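The values are calculated or read from the model by the stated rules, or taken from the named source; none is laboratory data. Remember, predicted model here, so these are calculated numbers, not experimental data. All Cβ positions, glycine included, derive from the backbone under ideal geometry; neighbour counts span all protein chains shown. Calculation scope for accessible area: heavy atoms of the full protein, side chains included, ligands and nucleic acids excluded. Shrake-Rupley method; radii C 1.70, N 1.55, O 1.52, S 1.80 Å.
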Amino acid sequence: MYELTSVSADNKKEFYKELSSMLAGLIGDETDWLANAANAASLLYHMLPEINWAGFYLYKNGQLVLGPFNGKPACVRIQMGKGVCGTAAQTGEIQVVEDVNLFPGHIACDPASQSEIVLPIYQNGRLIGVLDIDSPVKGRFNSDDAEGLSAFIEILNQHIIWPEPD
Ligand code: SME
């Protein structure tokens, strides 16, 4: 059983550095994408303070489909360009949303969510999907989270080959 040790969240840059090495340690030499993405979602959910959902949506047949996550059950399909996730996937740009209530078209899976960060995931130039993290606290995420989570995705990408879409 993997024991999660707590990391200080005072310094976000340091926190994400430690989180990425925890992910690398957790993956080890395992290559199964689903197992590793599921553990990555769990690691984020349990280690990041003040969040209520963390997980992946995968790009399949022109839309985003719910993947491994931790948190309450969520909407299964998101159209490209819709909500924060669909916007990140369509534009290829990280979305840091301070107040989801002010984001036009935000999809509220859990009414408790107040802020959100969504990072598009690419592997070898192909859109894989997005990493989505929700918080019950307004303004929870900033550019340090964007940077740290980009590095986290990079570690995951180095260890797994994401599946071809169905
Ligand atoms: N809020 C997201 C939908 C996914 S849930 O947050 C898990 C969005 O607007 O795309």
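For the chain, modelled as a GNM with alpha-carbon contacts under 10 angstrom, which of Gly25, Gly81, Gly55 fluctuates the most?
With Cα springs under 10 Å in the chain, the top fluctuation among Gly25, Gly81, Gly55 is at Gly25.
Tally Lys/Arg at +1 and Asp/Glu at -1 over every other residue whose Cβ is under 13 Å from the Cβ of Ile107; what's the total?
-2
If contacts are Cα pairs under 8 angstrom and at least 6 residues apart, what is the relative contact order of region 12-159 in percent?
That works out to 26 percent.
When the Karplus curve 6.51 cos²θ - 1.76 cosθ + 1.60 is applied with θ = phi - 60°, which whole-Hz ³J(HN,Hα) does each residue of region 137-147 get, with x for Gly and Pro?
10, 5, x, 5, 10, 9, 5, 5, 5, 4, 5
How much length is gained on full extension from Ile161 to His46, taking 0.36 nm per residue of separation minus their Cα-Cα distance?
Full extension from Ile161 to His46 adds 39.0 nm.
So how much accessible area does Glu98 have, in Å² to the nearest 10, using a 1.4 Å probe?
130 Å²
Determine the distance separating the Cα centre of region 36-107 from the Cα centre of region 115-166; give it in Å without decimals.
9 Å
Tell me the mean residue ellipticity at 222 nm calculated for the chain from its helices only (DSSP H runs of n ≥ 4, each -39500 (n - 2.57), averaged over every residue, nearest 500).
For the chain, the value works out to -11000 deg cm²/dmol.
Taking θ as phi - 60°, what are the ³J(HN,Hα) couplings along region 53-70 by the Karplus curve (6.51, -1.76, 1.60), each to the nearest whole Hz, with x for Gly and Pro?
Each residue's phi maps through the Karplus curve to give 6, 8, x, 10, 10, 9, 7, 9, 6, x, 9, 9, 10, 3, x, x, 7, 10 Hz.
Report ³J(HN,Hα) in whole Hz for each residue of region 13-29, in order, from the Karplus equation J = 6.51 cos²θ - 1.76 cosθ + 1.60 where θ = phi - 60°; Gly and Pro get x.
Result, rounded to whole Hz: 4, 5, 4, 5, 4, 5, 5, 5, 6, 5, 5, 4, x, 5, 6, x, 9.
Report the extension gain between Glu14 and Thr91 in nm, rounded to one decimal, defined as 0.36 nm multiplied by the number of residues separating them, less their alpha carbon distance.
24.8 nm
Which value, in Å², gives the accessible area per residue of the chain when a 1.4 Å probe is used on the protein heavy atoms?
49 Å²
Would you work out what percent of the accessible area of the chain, with all protein chains in place, is carbon or sulfur (probe 1.4 Å)?
Of all accessible area on the chain, carbon and sulfur atoms account for 51 percent.
Using Cα positions and a limit of under 12 Å, work out the aspartates and glutamates in reach of Lys13, with same-chain residues fewer than 8 apart set aside.
Asp144, Asp145, Glu147
What residues qualify as long-range amide H neighbours of Ile128, i.e. H under 5 Å apart, gap of 5 or more or another chain, H built at 1.01 Å from N?
Ile121, Tyr122, Gln123
Let a ≥ b ≥ c be the square roots of the eigenvalues of the Cα gyration tensor of the chain; is it rounded (a/c under 1.5), or, if not, prolate (a/b larger than b/c) or oblate? Mind dumping the intermediate values first?
Working: a/c = 1.62, a/b = 1.11, b/c = 1.47.
It is oblate, given that a/c is not under 1.5 and a/b is not larger than b/c.
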